[in-house]
Structure formats: structure tokens, C-alpha cells
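All remarks here apply to the structure that follows.
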Amino acid sequence: MQTKSFVAGAGVGADCDLWEESASQAHAARNLGSRPLIVLTAGKPFAFGDPEADKELAAFQDMWFHRLQPELVRLSTRGRQAIVESSSHAIGWEEPDAVVNAVREVATEVRGLRNLDS
């Protein structure tokens with residue numbers, strides 16, 4: 001299954017272009033070195049309610065969870081994947097504290113790295 005066709009078929013429309021642009025930027029980065037990185041991943045699957053569409057969605061989510069998200073983690077030697085069990089894909093809306101905590105953790109790690117350089 002092609003992610004582009006799935007996203008476009010899901011009626012996301014213009015958001016597909018943003019997703020592709022974001023994926024291209026991540027691919028172009030190739031290597032973040034030892035910069036701290038936390039990849040937040042939804043723990044709850046989402047569904048359309050249509051058995052055939054839900055089957056395709058489950059395959060896409062499996063690829064996202066087990067292949068695409070870990071690829072992002074590997075951009076940094078200090079990357080890690082954090083599963084937000086109580087959230088679907090809309091982590092920023094459903095679990096904003098998880099996002100805030102991840103940002104704080106990365107900021108704390110960056111400050112620690114700067115102190116080591118001094």
C-alpha cells in the first residue's frame with residue numbers, strides 16, 4: 001500500500017501535501033547527530049467504521065508505528081520513541097501535556113549538552 005494514496009484516499013486533501021513536505025524534510029535531514037530527539041507515537045488506533053477502509057488503515061498504522069516512526073528515531077543517536085497510549089494521531093490536541101513534557105525533556109538535554117561544551 002502506498003501511504004500517499006492512502007492519505008489522499010482518506011479525504012485529507014491539502015494536508016497530504018503538508019505530510020509529503022514534512023516527510024521530505026525528515027528524509028533530507030538524514031542525520032541529526034547526537035541532538036536529542038523524542039518521536040511521539042499514538043498508542044490508540046483510529047478507524048473510519050468501514051471494514052475495508054479500516055483494514056487498510058490498520059496496515060498503514062502498523063507501517064507508521066513499526067517502520068516510519070522508528071526511522072525518525074534513528075535520525076539521532078539520542079533519539080527515542082515515546083508511545084502516548086491514551087492518544088490517537090492527534091496527540092497535540094488529545095494529550096498536550098505529552099507534547100509539552102517531550103519539549104521540556106529535549107530542552108533540558110540540550111542545555112546539559114551546552115554546559116558540557118563550556
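Within the stretch 6-40, if we keep just the residues that are under 24 Å from D54 (Cβ atoms) and not in a helix (DSSP H, G or I), the residue that is modelled with the highest pLDDT turns out to be L40.
Beta carbons closer than 6 Å, at least 6 apart along the sequence or on distinct chains, pair a first residue in the stretch 91-110 that is surrounded by fewer than 15 Cβ atoms within 10 Å (Cβ to Cβ) with a second that is part of a helix (DSSP H, G or I) for G92/V99.
E85 - would you say it is modelled with pLDDT of 85 or more, acidic (D, E), closer than 19 Å to V103 by Cα and in the same structural domain as R111 (by TED's automatic domain parsing)? Outline the logic, then answer.
Numbers: modelled with pLDDT of 85 or more: yes; acidic (D, E): yes; closer than 19 Å to V103 by Cα: yes; in the same structural domain as R111 (by TED's automatic domain parsing): yes.
The answer is yes for E85.
Residues in the stretch 66-101 that are part of a helix (DSSP H, G or I) and under 23 Å from N31 (Cβ atoms): H66, R67, L68, Q69, P70, E71, L72, V73. If you go through the stretch 77-118 and keep only what is touching a helix residue (DSSP H, G or I) at 6+ places or on another chain (Cβ under 8 Å) and under 19 Å from R35 (Cβ atoms), you end up with R78, G79, R80, Q81, A82, V99. The test for being small (G, A, S) and surrounded by 15 or more Cβ atoms within 10 Å (Cβ to Cβ) does not hold for G49. Within the stretch 41-57, if we keep just the residues that are part of a loop (DSSP other than H, G, I, E, B) and without any contact (Cβ under 8 Å) to a residue 40 or more places away in the chain, the residue that is farthest from P96 (Cα to Cα) turns out to be D50.
The values are calculated or read from the model by the stated rules, or taken from the named source; none is laboratory data. Since the structure is predicted, the reported quantities are computational estimates derived from the model, not experimental observations. Here Cβ is always computed from backbone atoms with ideal geometry, including for glycine, and neighbour counts include all displayed protein chains.
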